[in-house]
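Taking it in order: structure first as structure tokens, then the write-up.
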Amino acid sequence: MDHSLTGTLRMPARVHFGYGTRAQIPQLLALHGTRVLAVVDPFLTSTAIFMELLSQLEAAGLTVQVHSDITPELPVATLDAAGDVARAFQPDAILAVGGGSALDAAKLIALLAAHGGPLSSYYGENAVPGPVVPIVAVPTTAGTGSEVTPVAVVSDPDRELKVGISSPYLVPVAAVVDPEFTLGAPASVTAFSGIDALVHLVESYTATSLTLDWSATAPVFTGRNLFSELIALNGIERLGRWLPIAVAEPAHRRAHEEVAFAAMLGGMSFGPTGTHLSHALQYPIGAITKTPHGLGTGLMLPYVMDAIRVDDDVTDRLGAVGSALGSDATSAQGRADDAISAVVELNRAIGVPPSLAAIGIDAAQLPQIAELGLASGRLVGIAPLPVTRDVLLDILTRAHEGTLTERIMA
Ligand SMILES: NC(=O)c1ccc[n+]([C@@H]2O[C@H](COP(=O)([O-])OP(=O)(O)OC[C@H]3O[C@@H](n4cnc5c(N)ncnc54)[C@H](O)[C@@H]3O)[C@@H](O)[C@H]2O)c1
Ligand SMILES: [Fe+2]
């Protein structure tokens with residue numbers, strides 16, 4: 001057991017959180033020049049809040065071109081084409097406003113504008129050759145934390161699964177998290193993005209220690225990380241209390257504020273640390289069922305928590321998660337049990353389906369999902385236990401049957 005303390009923190013140079021902080025956006029962009037490419041989630045383009053933002057940008061003397069042609073799942077060809085538009089416009093800065101998909105699109109357009117394509121040449125970790133066009137990121141979902149992370153995820157028809165491009169150069173220069181943008185979102189958007197934030201927090205808090213060679217290029221994802229440990233439990237506590245209220249009440253200002261803050265903490269926590277098995281398994285589950293990212297990660301999380309309880313250290317960590325979710329059990333074991341029950345109950349309350357069978361997965365597909373999950377070597381390597389195909393198959397089998405839901409809801 002390695003007891004040394006290590007941590008890596010990568011963060012935008014400026015982060016503003018809170019209602020009203022969107023008024024900072026023009027100043028943050030103007031730090032980099034006058035030409036702004038705004039990559040905007042299509043749902044937003046005709047809204048009053050976006051019109052108001054656009055007029056503020058113009059009043060600040062910025063020349064703005066809006067790109068809102070963002071295709072769900074981000075097929076790589078659509079981004080390569082957007083990259084050509086961006087290179088022609090030569091932006092000084094990119095404003096990214098939208099859900100995680102739009103923020104990821106903006107990161108990749110910033111990459112293409114600076115270094116050219118094709119995007120496939122940057123797949124994986126640390127393949128981006130240098131700084132990208134500066135990005136000011138403004139999330140409209142409370143979920144991915146993409147506004148502070150070094151990752152963007154795309155789909156490529158040549159690959160079975162979505163692929164990540166991860167590099168410290170993709171961390172935006174500034175993040176503005178104004179919960180006003182999340183008000184009024186459909187319950188399913190709030191639920192699935194919010195539960196994904198919980199998965200980011202729990203998985204980064206339970207990551208294993210990796211042995212790092214500090215004389216080489218640092219990995220994008222470092223595994224267990226002191227900074228994440230400071231952040232994660234705070235976010236978990238807020239989500240446990242406020243996510244069900246935010247889902248039930250789209251106009252509840254306090255609930256949406258709390259969830260937005262927790263989701264940003266999720267990005268800060270997992271950005272340098274990484275996530276593990278719920279994410280490794282969601283990629284194939286999402287590819288087969290075409291269900292949202294957070295639906296799959298949220299569904300898998302209690303089963304992953306149950307499977308990683310292999311030693312006292314993980315049990316203590318899950319116990320701390322249990323305390324953050326309201327457990328007052330006297331033993332770590334009891335608090336870890338309560339953590340799993342609390343996530344099952346939270347999933348039920350916000351409408352995450354109870355089993356893989358309920359989202360149309362056939363038992364015969366589980367071995368293939370396990371194989372594909374295992375192939376996400378980076379994610380699997382961050383889990384706090386040795387992972388084999390059988391470990392994943394066992395997790396999947398129980399999630400397929402919904403055994404925890406049955407036991408806990410009985
Ligand atoms: N880069 C990262 O660090 C990171 C982390 C986790 C997930 N992801 C990726 O992010 C994507 C998921 O992002 P997401 O959960 O934010 O969903 P999303 O961006 O796919 O948005 C879901 C839907 O909600 C709409 N929407 C967004 N904000 C809204 C609002 N305020 N009101 C009404 N509608 C709104 C969008 O137009 C879209 O139709 C996945 O592709 C996933 O792979 C990235
Ligand atoms: Fe996620």
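At q = 0.21, 0.22 Å⁻¹, what is the base-10 log of I(q)/I(0) for the stretch 179-271 according to the Debye formula with one equal point scatterer per Cα and no solvent? Please give it to two decimals.
Once normalised to I(0) and log-transformed, intensities are -0.90, -0.95.
What is the Cα centroid distance between the stretch 141-220 and the stretch 333-380, reported in whole angstrom?
Comparing the Cα centres of the stretch 141-220 and the stretch 333-380, I get a distance of 19 Å.
Compute the length gained on full extension between Ala248 and Asp69: take 0.36 nm times their separation in residues and subtract their Cα-Cα distance, giving the result in nm to one decimal. Can you show the working numbers first?
Details: separation 179, 0.36 × 179 = 64.44 nm, distance 3.04 nm.
Stretched out fully, the Ala248 to Asp69 stretch lengthens by 61.4 nm.
Could you give each residue of the stretch 22-33 its phi-based ³J(HN,Hα) in whole Hz, using Karplus coefficients 6.51, -1.76, 1.60 with θ = phi - 60°, and x for Gly or Pro?
Couplings: 4, 5, 7, 4, x, 5, 5, 5, 5, 4, 10, x Hz.
Please report, to two decimal places, log10 I(q)/I(0) for the stretch 274-346 at q = 0.25 Å⁻¹ as given by the Debye formula with identical point scatterers on the Cα atoms and no solvent.
-1.04
May I ask which residue of Val153, Gly360, Ile94 lies farthest towards the positive end of the charge dipole of the chain, with charges of +1 (Lys, Arg) and -1 (Asp, Glu) on Cβ and the Cα centre as origin?
My answer, from the dipole projection, is Ile94.
Of all alpha-carbon pairs in the stretch 1-126, indicate the percentage at a distance above 17 angstrom. Could the numbers behind the result be given before it?
On the way: 4883 of 7875 pairs.
Result for the distance tail: 62 percent.
At Ala375 and Leu230, where each label point lies 7 Å from the Cα along Cα→Cβ, what is the point-to-point distance in nanometres?
A separation of 3.9 nm, rounded to one decimal place.
Along each principal axis of its Cα atoms, how long is the stretch 223-303 end to end? Whole angstroms, biggest number first, please.
For the stretch 223-303, the Cα extents along the three principal axes come out at 35, 33, 19 Å.
If amide hydrogens are placed 1.01 Å from N in the peptide plane, which non-local residues have theirs closer than 5 Å to the one on Ala38?
So Ala38 has HN proximity to Gln65, Val66, His67, Leu95.
Rounded to whole Å, give me the distance from the Cα center of the stretch 87-132 to that of the stretch 50-70.
19
If you fit an axis through the alpha-carbon atoms of helix 100-115 and take the longest principal axis of the Cα set of the chain, what angle between them do you get, 0 to 90°, nearest 10?
50
What does the net charge come to around Leu108 if you take all other residues with beta carbon closer than 14 Å to its beta carbon, with K and R at +1 and D and E at -1?
Details: positive: Arg87, Lys107, Lys162; negative: Asp69, Glu73, Asp80, Asp84, Asp104, Asp156.
Within the 14 Å Cβ shell, the charges total -3.
Mind checking the angle between helix 253-273 and the chain's longest principal axis? C-alpha axes, 0 to 90 degrees, to the nearest 10.
It is inclined by approximately 80 degrees.
Treating only the Cβ of Lys, Arg, Asp and Glu as charged (+1, +1, -1, -1), what charge dipole size does the stretch 1-105 show about its Cα centre? Round to the nearest 20 debye.
Values: 5 positive and 10 negative charges, 76 e Å.
That gives the stretch 1-105 a dipole magnitude of about 360 debye.
Might you report the magnitude of the Cβ-based charge dipole of the chain about its Cα centre, with Lys and Arg at +1 and Asp and Glu at -1, to the nearest 20 debye?
On the way: 22 positive and 40 negative charges, 114 e Å.
It comes to approximately 540 debye.
For the chain, compute Rg over Rh where Rg is the Cα radius of gyration and Rh is the Kirkwood radius from the inverse mean 1/r over Cα pairs.
Numbers: Rg = 20.3 Å, Rh = 21.2 Å.
With Rg and the Kirkwood Rh in hand, the quotient comes to 0.96.
Quick one: pull the percentage of alpha-carbon pairs in the stretch 66-177 with a separation above 21 Å.
Working: 1531 of 6216 pairs.
Taking all Cα-Cα pairs of the stretch 66-177, the fraction more than 21 Å apart is 25 percent.
Each reported figure results from applying straightforward, stated rules to the coordinates on display, with no laboratory input. Values in this document were obtained by computation on a predicted structure and should not be read as measured data. Every residue, glycine among them, receives a Cβ derived from its backbone with ideal geometry; neighbour counts consider all protein chains shown.
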